[in-house]
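Inspection log for the structure reproduced underneath, given as structure tokens.
The values are calculated or read from the model by the stated rules, or taken from the named source; none is laboratory data. Given the structure is predicted, the values throughout are model-derived calculations rather than measurements. In this analysis, Cβ positions are derived from the backbone assuming ideal geometry, glycine residues included, and neighbour counts consider all displayed protein chains.
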Amino acid sequence: MKPVIFTDETFETEVLKSELPVLIDFWAVWCGPCKMIAPIVEELAAEYEGKAKIGKLDVDDNQQTAIKYGVRSIPTLLIFKGGEVKDTIIGAVPKAQIVQKLNAVL
């Protein structure tokens, strides 16, 4: 399973109204550290299939959402549950740290 691609247009439906917790990787093509965590996000998408929705949002193409949630540095990972931000992870961090925070909302 591949990560879901979120956009400004799909954000409300895909994230805020999601039955499952959602992890969003705010990233950009030119961001080096974003490339470092991209494989982790892909692994999580497969591992959490049916338990959580894992996806990516390109901040260059979807500035409204990034601004709304105060994303100033990337990569930033936001974990949503019930339409609210439950946790924030900033920077390229080890997979174990992301898993720990994600499991806390499941």
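Miscellaneous remarks
- Matching entry among ALA92, ALA46 (being hydrophobic (A, V, I, L, M, F, W, C) and within 15 Å of PRO3 (Cα to Cα)): ALA46
- Output for the stretch 85-94, where each listed residue is in a strand (DSSP E or B) and surrounded by fewer than 17 Cβ atoms within 10 Å (Cβ to Cβ): VAL85, LYS86, THR88, ILE90
- Some residue of the stretch 43-51 being in contact (Cβ under 8 Å) with a residue 60 or more places away in the chain, exposed (fewer than 13 other Cβ atoms within 10 Å of the Cβ) and in contact with a strand residue (DSSP E or B) (Cβ under 9 Å, 6 or more places away or on another chain): no
- Residue ranges of strands (runs of 3 or more DSSP E) in the stretch 1-77 with at least 2 members at pLDDT below 95: none
Here is a yes/no grid of residues against (1) surrounded by 13 or more Cβ atoms within 10 Å (Cβ to Cβ); (2) closer than 21 Å to VAL29 by Cα; (3) of a type outside the set (Val, Ile, Thr); (4) touching a helix residue (DSSP H, G or I) at 6+ places or on another chain (Cβ under 9 Å):
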| residue | (1), (2), (3), (4) |
| --- | --- |
| TYR69 | yes, yes, yes, no |
| THR76 | yes, yes, no, yes |
| GLY83 | no, no, yes, yes |
| ALA96 | no, no, yes, no |
| LEU102 | yes, no, yes, yes |
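- Among all positions in the stretch 74-92, there is at least one residue which is at positive phi and within 13 Å of the chain's Cα centre (by Cα).
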